[in-house]
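What follows draws every value from the coordinates through simple rules; no lab data is involved. Here the structure is a predicted model, which is why all the values come from computation and not from measurement. Because the Cβ atoms are built from the backbone with ideal geometry, glycine has one as well, and the counts that use them run over all protein chains shown.
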Amino acid sequence: MGKSSKDKRDLYYRKAKEEGYRARSAFKLLQLDEQFHFLDNVTRVVDLCAAPGSWSQVLSRRLFEDNVDNKASKRIVAVDLQPMFPIDNVTTIQADITHPKTLNKIMDLFEGEKADFVCSDGAPDVTGLHDLDEYVQQQLILSALQLTTCLLRKGGVFVAKIFRGRDIDMLYSQLSFLFERVVCAKPRSSRGTSLESFIVCLGYRPPSNWKPRLDVNMSVEDFFQGCDIGRLTLNDELPSYCEEPRSIAEFISCGGLDSFDSDATYHDVPANSTALDPVQPPTNPPYKRALELKRQGKLTRAV
Amino acid sequence: MGQLRQLSHTGPSVCVKFHGKYVLAGYGVFVHVYDYESGELISISRIFHRNKVHGLAIRGESILIYGARSVSLLNLDSLWQNADNTRFEKLCHEWVISGEHSMDGSSVFLLTSYNKVLCCDLSFKVLRTKAVYGERSILYSGTINVVSQDKVLVNAGTVMDGVLVWDLETEKTLHHFTDHEGSIFYVAASTNGRYAASCSDDRSIKLWDLHSGCLVSTGWGHTARIWNLKFFDNDSKLISVSEDCTSRVWEISEEGVLVQKSIHELHQTKNIWGVDVNNEKMIAVTSGNDGRIKITDLNLRTKSGSESSVFSLDDISQHGVELRPNEILKGFYWLRFGLLAMTSEGQVLKFDQKTERWTSIMTDSRFTSYSATSGVQELDMVVFSNSRCELLILKFSKDGDEVLETKQLHINELSKSTNCLVRGYDSNLFLVMESPNPNDPLICLRMNGTTLQHEKRFHFHKPKNFTASSFVLYENFVVLGSRTSTLAIFNIKDCKEEATVLRKILPGDTITSIDFVERNSENDCLFSVSDRDGFYCFISINFSKRTHKMLLQNRISKGFLEGGHYNAQGDFITYGFKSNLFYVFNETKHYEIFSEQCGGAHRQWRYLPNFGLDEFILIYIKASSIHFRKIHKPVYPEILRNGLHGREIRDICIRTEPYRQDKTVFCSASEDTTIKLNVLNAKDGEIRTVWTFRKHTSGLQRCKFINNKFMISSAAREELYLWELTDTFMSNPYMTVICALPSSSKIPDLRIMDFAYEIIEGTDDFILTTVYSDSAIKVWLYNSDENAFELLVSGKYQTCCLLNVALVALDTQLVLVVSPTDGHLVSWNLTQHIPYVIQNNKLVKKIEAFQPQVHLPDISERIAVHSAGIKSFEVKKITEDRFFIYTGGDDNAVAISEFVLDKGNKTIQGHVRSFIGAGAASTITSVKLIQHDMTLLTASVDQVIRYYDVSSGVLILKNKFYTTNADTGCIDSLSSTAGSLILIGGVGLSVWTLEYNQ
């Protein structure tokens, strides 16, 4: 698909380019915030799996441009394994979100204060094995959640990308142990044909009898052992199959049903307008060399 | 409500394993056992409640089965004996990447996604947990190498951090390989412990020396991600399987260099997940996302040692054949005993395949420079022709040792001859001779195939611009195919009769083959026709009525098509060229049977039967040598289970009328852009795909049978096709596009999201309405006489995408209902816009003086039902002024809305009758009424099918059941008085029956 036909097929893609966002996903956070107003009075926020940085851009604009009060004490920290181009008012850290050192770095930047808001728009590459892809995505959310439990203030908000697959109701159930309200929100800028949604967890209420502790030798599963959120715990013997607790979270469509529809084709793209280049240049895929070889005709059926 | 039972399931298979004469395959929540020699499915045993089987490990009589967080340890016998083994399922707290037994079989090792190994006893008591300090990157892959009772190595493939090889006992990292880019999808160690091989997102295979810890070599070749690797043949080879649907065999040289030796195209788009090799038989088994379990003979090309031979002209002269300098082979034909060839000096050479000797038979100087060679295998006969209308026919003894008859002919009627086509019929020889001069007649000759006597000539007047490229003789009719995709039919009983000419029956040019298939009870004769540009068709010709009808037209996925025919099993086989390959392809089952690197289409070649059924020979000239490649009948069944689509099935439609006893036909439309026409056995749920249509060029949205004859499909790029199904022939049902909906622009970029129809009583005409991704709504009339769509009404809802549409003929009114992505139900009264009278809920007769109104009227009613897009709906008329709409949405909700027509002012009012917000944990993608509309089935992406009692007009959840099909997206059903047959599609397809309680 050419640049301009993608403009037509995807209005948010075009809007993102026009408004200087690095990716169309910026509108997802904007529409979520429009619904929940979780960015209205926040001081310290953390953006996990932040690259290429469109959510950090939104955070920067919302915290530093839309509301100029109290600028000096505001902090935005963006963490990703990949390097990111700098964003005004955002401290970027290239680090592993599961590592204790990352937590310490953030806490230093926050001068010991806890965060008001943590978000993650991260998603792993999909393999096509739906069960594995869903598992890896849930592990990614749990990794974000384990860091969140270490640095989110009581009553704070956690937002993460989810895919509503077959075990999503188990995650809903587990998150409801840690937050007052758990909502599955779908912004209009997220395609209806995609399983993507966002879990919005409001009112963090850490269990009183559990102290989160990051340890390089613990897996995400180990981390939550002892925190009674209904995850299967490892005992001396593998248990027989049992149905684990599941619950269905409240669903909210946000951005308003009258806002732009990401599934629609729009015709109002001026025919003579030159297509805008993407704001963020494409990243280097791991299969770059394979593509080069293919272009050179070296990956043919000839043996 | 009744008894619900799964009849069959087709879907991704992630792992396969040889065990003795069996193949064990993880198939969804099941393990299948096949006898690979007979191809028989021996047993299906359910292993897990919900999780898919991802891996199998066998030691002695014990089998360890794992998948996601589930594990089970069974005695092998119980796979054969128990259809349900779920009671043995245990759960792990982390994803199990791999599992193996210990050397003495007293314990098992489970490698989890956090690079941890749980050492368990046989009742899954955790004895020890092993891990490497500080290494916690999540794994995509890993294998456990049990070297001895005390030495176990773990090969872990991480998401971000390369390959880690560690010692289980010492918990120390032995190697950390970081040369790959991206996630590691598989790591395997060779049995001798010398190498490890890994593959990653970078699409390469890397071979590591486990002694030196060095990267030895990198294998490039796959064009997409590689999912699995296996060392075989005493660690001298490696087999890989990939997202690109190929399996490749790599030879490992002494120095450890990976050399790609063969490529096999085995599965349908996309992903081959599992592979195993039987070293003794040298066969591989693979399994893929398409649900296919495929056997591949890795020694197909060398099994009996005589598969291929090459002779240069020098080699031929070594056999005592005298060849002049620059003398070359101009043509050849394969008979049952061997080859006959004509040289550029008019020398006839014979190659005896038993003795592998070349001899010179004769020289005829008339055939120097230009000659054409053809023959008839069953008559042991070869025919040479030149441009001067001369023919030389040689008839051989069966063993080829003697020339029994020689016949020389001159065709006086022609001024020049450039074309001589030959076939044998009922022990007669039949020839078609053609001249480039348009004023010359077309000459056909028939003679006795034994004596070469009783020659009879037929003169025909040749149609304009006609150059014959192939022919078939059926009774007294010669059907000729031309270089411009035209067929001409000549009657040899009446040569004066004008030929029937069927112009441009295929989109391509040269017709490469025509074959007779069968004659039905109506005396319609069915022929298969192929053209070089990749199209084939089935055309029915009634010679006495001089009528014909196109029953099927399709194209191959790529390359040139040189011929197509049914094989003995009733599969349609095609062959031709793909770049520099010659291929033979099973078009019915959709896999490559054979391919040969012959250098491409621009060469002399012949592909002919050899000996008997399913035995073939390919002869070609490459670099001025003649190559023989024999293609033997496979020793093992090539397919243990055929599977269906390799990507998500977007829609399914079942034809109401049965096809044969207990059988029915249905179409499946997939993300892979193909539509498959399948035959379903309603008794056992067995599915046989008959045709895979490649008409659409983009992702499918919908397909529906509108009656027993017509099916409509829609997709992106404004593609909507009307298909006609024919089931009057024994061989197969046939289907073809008869009409395409006009698009609104030259470069259509809209998706046709859904369509609805209302048939005009007693005709094949219908009103069609289509809804688009830009909020457009169009209403059309299909006129069957003109075979065309006429636009009646068009308009727009707003700007959002429209997902579903229905037409409801209610008493004397026609109501249109649309569901956009905004969660509303919107209705229009279309009555005044339709040129038909509506009576008793039916469109009956045309209004003669109708004033067309092209603009969509104002909305009659718009009600909010869901808080996100309505993904699917069903409409049911309740009374003549009322209908219900059953909806399922992206908001996880399910609802019943009621619409009432005011008989006075013809307005419509709607309200929600029943609503369940948490109707599923995820998007509801399909709703379907069954059991005389008493029950509503819903399918959702959480892989749960729920059924509601809706007999009282409200939703009462009755039950739910889990489906193995991920991305559950569509349902169709076929109801009878005793029960319903239910098809559930997603990534895979399940067939269920619901037997009603009496």
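Based on the alpha-carbon gyration tensor of segment A:3-295 and its eigenvalue square roots a ≥ b ≥ c, which shape applies: rounded if a/c is under 1.5, prolate if not and a/b is larger than b/c, or oblate?
Details: a/c = 1.56, a/b = 1.35, b/c = 1.16.
Verdict is prolate for segment A:3-295.
Note the full-extension length gain between B:Lys496 and B:Thr547 as 0.36 nm times their separation in residues minus their Cα-Cα distance, in nm to one decimal.
Gain on extension, B:Lys496 to B:Thr547, equals 16.5 nm.
Among the lysines in segment B:860-998, how many pairs, 8 or more places apart or on different chains, have alpha carbons under 20 Å apart?
Number of lysine pairs found: 10.
Rounded to the nearest 0.05, what FRET efficiency is calculated for A:Lys294 and B:Thr812 with R0 set to 60 Å and r the Cβ-Cβ distance?
Values: r = 62 Å, r/R0 = 1.04.
Here the calculated transfer efficiency is 0.45.
I'd like the mean, over residues of A:182-188, of how many other protein chain beta carbons sit within 10 Å of each residue's own Cβ.
Mean shielding count: 2.
Please tell me the relative contact order of chain B in percent, rounded to the nearest whole number, where contacts are Cα pairs under 8 Å and at least six residues apart.
Computed over chain B, the figure is 6 percent.
Which order results if B:Leu552, B:Leu722 are arranged by neighbouring Cβ count within 10 Å, fewest first?
Exposure proxy ranking, most exposed first: B:Leu722, B:Leu552.
What shape does chain B have by the C-alpha gyration tensor, where a ≥ b ≥ c are the square roots of the eigenvalues, rounded means a/c under 1.5, and otherwise prolate means a/b greater than b/c and oblate the rest?
Oblate, since a/c reaches 1.5 and b/c is not below a/b.
Determine the shape class of segment B:559-633: with a ≥ b ≥ c the square roots of the Cα gyration tensor eigenvalues, call it rounded for a/c under 1.5, and otherwise prolate if a/b is greater than b/c, oblate otherwise.
oblate
Rank the residues B:Phe560, A:Phe85, A:Phe27 as a footprinting-exposure proxy: fewest other Cβ atoms within 10 Å of their Cβ go first.
With the sparsest Cβ surroundings first, the list reads A:Phe85, B:Phe560, A:Phe27.
Neighbouring Cβ atoms within 10 Å as the yardstick, rank B:Glu761, B:Glu724, A:Glu221 fewest first.
Result, fewest neighbours first: B:Glu761, B:Glu724, A:Glu221.
Can you give the FRET efficiency for A:Arg153 and B:Thr129, using 1/(1 + (r/R0)^6), R0 = 41 Å, r = Cβ-Cβ distance, to the nearest 0.05?
Computed FRET efficiency for A:Arg153 and B:Thr129: 0.75.
Give me the distance in nm between label points sitting 7 Å out from Cα along the Cα-to-Cβ direction at B:Asn520 and B:Val954, one decimal.
Result for the modelled spin labels: 5.2 nm.
Roughly what would the spin-label model give for B:Arg388 and B:Glu280, points 7 Å off Cα along C-beta, in nm?
Going from the B:Arg388 label point to the B:Glu280 one covers 6.5 nm.
List the extent of the Cα atoms of segment B:395-501 along each of their three principal axes, largest first, rounded to whole Å.
Result, largest extent first: 44, 29, 24 Å.
Rg and Dmax of the protein assembly as shown over Cα atoms: what are they, in angstrom?
34.3, 109
Please report the base-10 log of the normalised intensity I(q)/I(0) for segment B:255-375, using a Debye sum with one equal scatterer per alpha carbon and no solvent, at each q in 0.14, 0.18, 0.23 (1/Å).
Computed log10 I(q)/I(0) values: -0.75, -0.91, -1.30.
Determine the sum of side-chain charges near A:Gln31: Lys and Arg each +1, Asp and Glu each -1, restricted to other residues whose C-beta is under 10 angstrom from that of A:Gln31.
+1
Ignore the peptide's own chain and count Cβ atoms of other chains within 10 Å of each Cβ in B:423-429; give me the average, rounded.
Average neighbour count from other chains, rounded to a whole number: 0.
Debye sum, Cα scatterers, segment B:215-284, no solvent: what log₁₀ I/I(0) at q = 0.19, 0.25, 0.27, 0.28 1/Å?
Log10 of I(q)/I(0), two decimals: -0.72, -1.16, -1.28, -1.34.
Once you list every other residue whose beta carbon is under 10 Å from the beta carbon of A:Lys186, what net charge do they have if Lys and Arg are +1 and Asp and Glu are -1?
Local charge sum for A:Lys186: +1.
For segment B:693-810, what does the convex hull of the Cα positions come to per residue, in cubic angstrom?
Dividing the Cα hull volume of segment B:693-810 by its residues yields 118 Å³.
Averaged across the residues of B:917-929, what count of C-beta atoms belonging to other chains lies within 10 Å of each residue's C-beta?
4
How much FRET efficiency would the formula 1/(1 + (r/R0)^6) give for B:Asp614 and B:Ser744, where r is the Cβ-Cβ distance and R0 is 60 Å, rounded to 0.05?
Efficiency computed from Cβ-Cβ geometry: 0.75.
Residue separation times 0.36 nm, minus the C-alpha to C-alpha distance between B:Met160 and B:Arg357: what's the value?
That pair, B:Met160 and B:Arg357, stretches by 64.8 nm at full extension.
Can you tell me the length gained on complete extension of the stretch B:Asp104 to B:Trp80, counting 0.36 nm per residue apart and subtracting the Cα distance?
In short, 6.2 nm is gained.
Restricting to Cα pairs below 8 Å that are 6+ residues apart, what does the relative contact order work out to for segment B:849-998? Please round to a whole percent.
Once divided by the residue count of segment B:849-998, the mean separation gives 14 percent.
At 222 nm, what helix-only mean residue ellipticity would the protein assembly as shown give, in deg cm²/dmol to the nearest 500, using -39500 (n - 2.57) for each DSSP H run of four or more?
So the helix-based figure for the protein assembly as shown works out to -2000 deg cm²/dmol.
Do you know the relative contact order of segment A:3-295, to the nearest whole percent, from alpha carbon pairs under 8 angstrom that are 6+ apart?
Relative contact order of segment A:3-295: 22 percent.
How far apart, in nm, are the 7 Å Cα→Cβ label points at B:Glu169 and A:Asp88?
A separation of 6.4 nm, rounded to one decimal place.
How charged is the neighbourhood of A:Asp116? Take every other residue with its Cβ under 11 Å from the Cβ of A:Asp116, and add Lys/Arg as +1 and Asp/Glu as -1.
Net of charged neighbours comes to +4.
Using Cα centres only, tell me the gap between segment B:104-140 and segment A:98-149 in whole Å.
25 Å
Quote the charge dipole size of segment B:559-633 about the Cα centre in Debye, to the nearest 20; the model charges only the Cβ of Lys and Arg (+1) and of Asp and Glu (-1).
Charge dipole of segment B:559-633: 280 debye, to the nearest 20.
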